[in-house]
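Every number here is computed from the coordinates shown, using simple stated rules; none is lab data. Values in this document were obtained by computation on a predicted structure and should not be read as measured data. Here the Cβ is made from the backbone with ideal geometry for all residues, glycine too, and neighbour counts use every protein chain on show.
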Amino acid sequence: MAKVEIGEIDFGTRRKYDLMKISRELFRLMMNDPRCDYATLEEMFAFEEMQNYEPEEVSKAVDELTGKEDYNNLLLEISKPYGKVYAVNKRRIPEMMFTYQPWGFHEMTGM
């Protein structure tokens, strides 16, 4: 099984953008862990992987990932009766180029 490693998201020759570190981490988490997709902001604050960040930083990352700019809209904001949830915009995945690495790659190679 491979997991998605996201450094710079490359949308081909048209454009290339570098996201904030926390935005990359949050997006990678939501892409790789089904429990993290379709999450509210409050649920994101509680993700173990986001514990080193302040809630304001997580909110800023969500703003960047849901932004209306040309390259953003990587997360969708969905209104539910209980509030807003955020989900990976699966329509954007074919446009992206990722680096795939097998689980345990870093442990095996020391990288």
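Extending 7 Å from the Cα toward the beta-carbon at both LEU76 and GLN51 defines two label points whose distance is 3.2 nm.
The phi-based Karplus calculation (6.51 cos²θ - 1.76 cosθ + 1.60; θ = phi - 60°) puts the 3J(HN,Hα) values of region 80-91 at 10, x, 9, x, 8, 10, 10, 9, 4, 7, 5, 5 Hz, whole numbers, x for Gly and Pro.
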